[in-house]
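Enquirer: Here's a structure for you.
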Amino acid sequence: MRSCYKLGVALTLLFTAATARAQMTPDNVGQPASGMPTILQAVGFRPELNAQMPLDASFKDETGKDVRLGDYLHTQKPVLLAFVYYGCPMMCTQLEQGVVGSLRMLSFNPGRDYEVVFVSFDDRDTPEMAGGKKATAMNKFRRPETSTGWHFLSGSKESIAAVTNAANFHFNYDAKSNLFAHASGIILLTSDGRISRYFYGVEFPARDVRLGLVDASAGKIGSPVDHVLLYCFQYDPSTAHYSATILRIVRLGGILTIAAMFVALMIFRRRERAAANVNLHHQGAH
């Protein structure tokens, strides 16, 4: 019976994994699944490996200084690039914290071994807002000497479009809620600005990020990523929009998975007890 129990748990896990994976095939990775809210239909994030980022795209950094994306790509160092907007009430903050958390696990240091660049896709964001985000990141990273390796950029619609289109990152703005619908992930760039690797989500295994940075520093191009993409859009009861924050759906799916495993465990334990009682009955009869 114990083998049946183990088989049952395994089947439960396989069913759950298959159900989740059925939502994302190689053809639609980085694209919203059917049934999403209308505002998410044009939202996506599907970087093309080896694609060239526009090095001449101009921005302002967190101090208000005029910079170009290429300013961070001429030092033979890889770059970790993420698209966020500084007024985001949800996933962007979690993405920023996820990046900080992953990089804290590495012995590599921003500024010395690689650069970290956050680009806002909201042209209303200001250097002051970017400065606040950098201060928060540095406080959590706890290595003040790496401050020169962290960059939080803001810019015009034209510059934003240049870099987001190059990365195949598409977002939508909802005027009623004053929020952006967008996807979440990071890109690793080679020192000449080519996309070496990318990761979806808001948390990133430190080991994978480390290997990705090493490959990018050597100019290597990684393999395609096949992970579930997270989307961010908050429910606004005043406009009757429902939430499409996939992070919450993922969490709910985890809770349901644990619940399913618990139910399966109880069923198999009950069967084991019933079988044990039958065996005791037969032994007593003999």
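The values are calculated or read from the model by the stated rules, or taken from the named source; none is laboratory data. The structure presented is a predicted model; accordingly, all values stated were derived computationally and were not measured. Positions of Cβ are backbone-derived with ideal geometry, glycine not excepted, and every protein chain shown enters the neighbour counts. Surface areas here come from the heavy atoms of the whole protein model, side chains and all, with no ligands, DNA or RNA. Shrake-Rupley method; radii C 1.70, N 1.55, O 1.52, S 1.80 Å.
Enquirer: Tell me whether the range 105-158 comes out rounded, prolate or oblate; compute the Cα gyration tensor, take square roots of the eigenvalues as a ≥ b ≥ c, and use a/c under 1.5 as the rounded threshold.
Expert: prolate
Enquirer: So for the pair ARG104, ASP66, with labels modelled 7 Å out along Cα→Cβ, what separation do we get in nm?
Expert: Each label point is offset 7 Å from its Cα along the Cβ direction, giving 3.8 nm.
Enquirer: How much FRET efficiency would the formula 1/(1 + (r/R0)^6) give for GLN52 and ASN178, where r is the Cβ-Cβ distance and R0 is 30 Å, rounded to 0.05? Could you put the intermediate results ahead of the total?
Expert: Details: r = 34 Å, r/R0 = 1.12.
Efficiency at R0 = 30 Å is approximately 0.35.
Enquirer: Heads up, I need the accessible area for ARG143: 1.4 angstrom probe, whole protein in place, Å², nearest 10.
Expert: Result for ARG143: roughly 40 Å² accessible.
Enquirer: I would also like to ask the following. Could you give each residue of the range 261-273 its phi-based ³J(HN,Hα) in whole Hz, using Karplus coefficients 6.51, -1.76, 1.60 with θ = phi - 60°, and x for Gly or Pro?
Expert: 5, 5, 4, 4, 4, 5, 5, 5, 5, 4, 5, 5, 5
Enquirer: Follow-up question, since we're still on this one. Would you compute the Debye intensity of the range 59-111 from its alpha-carbon atoms alone, equal scatterers and no solvent, and pass along log10 I(q)/I(0) at q = 0.16, 0.17, 0.20 Å⁻¹ to two decimals?
Expert: Cα-only, vacuum Debye calculation for the range 59-111: -0.65, -0.73, -0.97.
Enquirer: Could I ask something else about it? Determine ³J(HN,Hα), in whole Hz, for all residues of the range 192-205 in sequence, where each value follows from phi through the Karplus function 6.51 cos²θ - 1.76 cosθ + 1.60 and θ = phi - 60°; x replaces Gly and Pro.
Expert: Going residue by residue, I get 9, x, 9, 6, 8, 6, 8, 9, 8, x, 10, 10, 9, x Hz, with x marking Gly and Pro.
Enquirer: Can you pull the one-decimal nm distance between simple spin-label points at GLU158 and ILE221, each 7 Å off the Cα toward Cβ?
Expert: Each label point is offset 7 Å from its Cα along the Cβ direction, giving 3.0 nm.
Enquirer: Using protein chains only and a probe of 1.4 angstrom, how many square angstrom of TYR200 are accessible, to the nearest 10?
Expert: It works out to around 10 Å².
Enquirer: Taking loop as defined by DSSP and a crowding limit of 11 other beta carbons within 10 Å, which trypsin sites (Lys or Arg not before Pro) in the range 52-110 fit? Can you show the working numbers first?
Expert: Details: sites: LYS60, LYS65, ARG68, ARG104; in loops: LYS65.
Passing both the DSSP loop test and the Cβ count: LYS65.
Enquirer: Also: So what is the relative contact order for the range 94-180, in percent, with contacts set as C-alpha pairs under 8 Å and at least six apart?
Expert: 35 percent
Enquirer: DSSP loop trypsin sites (Lys or Arg not before Pro) in the range 159-200 with at most 12 other Cβ atoms within 10 Å of their Cβ, which ones?
Expert: Those satisfying the criteria are LYS176.
Enquirer: How much accessible surface area, in Å² rounded to 10, belongs to the heavy atoms of PHE262 with a 1.4 Å probe?
Expert: Approximately 120 Å² of PHE262 is accessible to the 1.4 Å probe.
Enquirer: Give me the compactness ratio for the range 50-208, meaning the Cα radius of gyration over 2.2 N^0.38 Å.
Expert: 0.95
Enquirer: Using only the heavy atoms of the protein chains and a 1.4 Å probe, how would THR126, THR136 rank by accessible area, largest first?
Expert: So the residues, ranked largest to smallest area, are THR136, THR126.
Enquirer: May I pose another question? Nearest 0.05, what FRET efficiency do ARG269 and GLU203 give at R0 = 22 Å with Cβ-Cβ as r?
Expert: About 0.05, to the nearest 0.05.
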